[in-house]
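As structure tokens, the structure follows; a few thoughts come after it.
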Amino acid sequence: MPCRPGCVALLTMLVLAMLAAPTAAQTLRIGMKAAVDGSDPHQSYSPNRNVQMQVYESLIFQDETLRPIPGLAESWRLVDDNTWEFRLRDGVRFHDGTLLTIADIAFSLRRAQAATGLRTYGPALRAITGVETVDARTLLIRTASPTPMITAYLTSLMIVSANAAADAGEEDFNGGRAAIGTGPYRWARFNQGSDVVLERAPHHWAPAEPWQRVIYRFIPNDSARVAALLAGDVEVIDAVPPALYARIRADARSRLVTATSAFNNYMFIDSHRDPSPFVTGADGQPLVPNPLRDRRVRQALSLALNRVALAERAMEGGAEPSGQIAPPGFIGHDPDRPLPAYDPARARALLAEAGYPQGFNLTIHCTSNRFAGDARTCQAIGQMLAAVGIRTQVEALPTAVFFRRAAFGGPDRVPEFSVSLSMFATTTGVATEGMNSLLRSWNPALGHGASNRGRYSDAALDALLATAETELDDRRRDAATLGAVRRAMDEAAIVPVFFVQSAWGMTRGLTLVPRGDQYTMATGIRRAPQ
């Protein structure tokens, strides 16, 4: 019986739907709070790296607690104190079909070491002096001194094609000629500040990813991001604020995944200047000497904080109280170190012992829009400090203004603040890397103290960090690392407050592996087993 015109139309629609269904099912749409503003893999910025790590790959990958695992290098070993041997995977190809060579690795290292600007991986790669070829799949990396943490540092070095990236600038990586990696995805579209589209790469050494296409949409407004998930406009969203957890949990079509991140919210303390600009006496005049240079005063700041209340109330359950650099499970976490006590009476006694029985005036600065609860936390901390006699004013600033005023640029460009609240996490997940940046005595020639806004300096801490970064014996290096953590915390070099919690919303039927760096990577998202 011949098919009527209407029947033909219906069959055509069914065929088209059947053809389109697999493609739609293989598309993953992710709503991100932060926008990707560049695609050069040798410029360091977390939102950019979140996407780049699926296009470009490193010799060493990281697990969910940022510990090193095999990547483009399937194995490695220490040859001598200053030489490491790496064995490459067989048959790794770039997106254009060309084979990965050791020349590409050497080129990528030189390019990353030479990168300029505020956000580079140069400090992590400073110790490497050269790359040598043993055979097509074996290379040697030489260092200027023993560098036991080289496997952690190399996680930051993404490998680019030497032919494609020669003399390349930012515009060449923004979907241009240099945008060629070895990762499971390749750039399909890059709309700066709007969205990024990735497509499954035709050549990859690992089993094919389930997603043919991945779309990252940038949705900075928290409520709009949650609404997009619940409306089905995206399948996954990141940075869910605690106040919106209930909305996701209450909807039968969605689920929430939370985990403790490596992002540590802490007090940065000006322990260098006399006087400090926002520390005054009862008469409003600058205090000399600066009270913050006294360890007892810094310890009093810590004792005044009810970290549990800050995590549960100010952060609405979206944080875990912190008393050290790294969270549990990360390199450099001290499992034997208890959470700092909340002891206002002891705080007042220490202030009196230091010569400030009536306290002093202090203005603390923080961000107002970096993460949900930042300004609220700052206000609560101000009240806690006031309760022990430190008359505190709070100034919450937009992120752009805060970091401009907090910028540290050497002896002639010091931060404006006396005490500020900031957040830090290392890309390697190693506690000593964070301390080298935040607390090691400032030395631009060696790359030490690059983010040391308080210009803290302690010879004992410097010595422990020097041992931790050069000691090849695992046991002695771990002891030096924990010694550095304990020293920094006992001296209240900075005052950790809490680790910010990561939270993702997703449609039911999907699974996600939480990462300590808070990245939302398609490579960690799968359909749940039926």
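Could we say that residue 115 is assigned by TED's automatic domain parsing to the domain that holds residue 59 and surrounded by 15 or more Cβ atoms within 10 Å (Cβ to Cβ) here?
Yes.
So is residue 342 more than 30 Å from residue 259 (Cα to Cα), among the aromatic types (Phe, Trp, Tyr) and at pLDDT 95 or above or not?
Working: more than 30 Å from residue 259 (Cα to Cα): no; among the aromatic types (Phe, Trp, Tyr): yes; at pLDDT 95 or above: yes.
For residue 342, the condition - more than 30 Å from residue 259 (Cα to Cα), among the aromatic types (Phe, Trp, Tyr) and at pLDDT 95 or above - is not met.
Consider residue 322 carefully, then state whether it is in the same structural domain as residue 392 (by TED's automatic domain parsing), of a type in the set (S, T, N, Q), surrounded by 22 or more Cβ atoms within 10 Å (Cβ to Cβ) and within 17 Å of residue 425 (Cβ to Cβ). Let's see the steps before the verdict.
Numbers: in the same structural domain as residue 392 (by TED's automatic domain parsing): yes; of a type in the set (S, T, N, Q): yes; surrounded by 22 or more Cβ atoms within 10 Å (Cβ to Cβ): yes; within 17 Å of residue 425 (Cβ to Cβ): yes.
Yes: the conditions hold for residue 322.
Answer yes or no: is there a residue in region 325-335 that is more than 19 Å from residue 261 (Cβ to Cβ) and surrounded by fewer than 17 Cβ atoms within 10 Å (Cβ to Cβ).
Checked region 325-335: no residue is more than 19 Å from residue 261 (Cβ to Cβ) and surrounded by fewer than 17 Cβ atoms within 10 Å (Cβ to Cβ).
For residue 407, are the conditions met, namely being over 26 Å from residue 295 (Cβ atoms), at pLDDT below 95 and touching a Lys or Arg at 6+ places or on another chain (Cβ under 9 Å)?
Details: over 26 Å from residue 295 (Cβ atoms): yes; at pLDDT below 95: yes; touching a Lys or Arg at 6+ places or on another chain (Cβ under 9 Å): yes.
Yes: the conditions hold for residue 407.
Considering only residues that are of a type in the set (D, E, K, R) and in a helix (DSSP H, G or I), look in region 90-118 and name the one that is nearest to the chain's Cα centre (by Cα).
Of everything passing the filter in region 90-118, 111 is nearest to the chain's Cα centre (by Cα).
Does any residue of region 124-142 turn out to be assigned by TED's automatic domain parsing to the domain that holds residue 203, assigned to a strand (DSSP E or B), polar (S, T, N, Q) and farther than 24 Å from residue 447 by Cβ? Lay out the reasoning, then the answer.
In the first step, residues of region 124-142 are kept if they are assigned by TED's automatic domain parsing to the domain that holds residue 203; the result is 124-142.
Imposing the further condition that a residue be assigned to a strand (DSSP E or B) reduces the set to 128-135, 138-142.
From the residues that got through so far, the ones that are polar (S, T, N, Q) too are 129, 133, 138.
With farther than 24 Å from residue 447 by Cβ added as a condition, the list becomes 133, 138.
Within region 124-142 (the criterion being assigned by TED's automatic domain parsing to the domain that holds residue 203, assigned to a strand (DSSP E or B), polar (S, T, N, Q) and farther than 24 Å from residue 447 by Cβ), the answer is yes, since at least one residue qualifies.
Tell me which residues, restricted to region 286-311, are out of contact with any helix residue (DSSP H, G or I) (no Cβ under 7 Å at 6 or more places or on another chain) and either in a loop (DSSP other than H, G, I, E, B) or of a type in the set (Gly, Ala, Ser) (or both).
Within region 286-311, 287, 288, 289, 290, 294, 302, 309, 311 meet the criteria.
Of all the residues that make up region 318-357, how many are assigned to a helix (DSSP H, G or I) and touching a Phe, Trp or Tyr at 6+ places or on another chain (Cβ under 8 Å)?
0
Determine whether residue 145 is surrounded by fewer than 17 Cβ atoms within 10 Å (Cβ to Cβ), out of contact with any Asp or Glu (no Cβ under 6 Å at 6 or more places or on another chain) and part of a helix (DSSP H, G or I).
It is false that residue 145 is surrounded by fewer than 17 Cβ atoms within 10 Å (Cβ to Cβ), out of contact with any Asp or Glu (no Cβ under 6 Å at 6 or more places or on another chain) and part of a helix (DSSP H, G or I).
Out of 481, 523, 511, report the one residue that is on the phi < 0 side of the Ramachandran plot, of a type in the set (S, T, N, Q) and surrounded by 19 or more Cβ atoms within 10 Å (Cβ to Cβ).
Just a single option satisfies the conditions, and that option is 481.
Do you know which residues across region 488-507 are buried (at least 23 other Cβ atoms within 10 Å of the Cβ) and β-branched (Val, Ile, Thr)?
Matches in region 488-507: 494, 495, 497, 500.
Quick check: anything in region 273-283 under 23 Å from residue 416 (Cβ atoms), basic (Lys, Arg), in the same structural domain as residue 363 (by TED's automatic domain parsing) and modelled with pLDDT under 95?
yes
The values are calculated or read from the model by the stated rules, or taken from the named source; none is laboratory data. Nothing here was measured: the structure is a model prediction, and the numbers come from that model. Please note: Cβ atoms are built from the backbone with ideal geometry, for glycine as well, and neighbour counts cover all protein chains shown.
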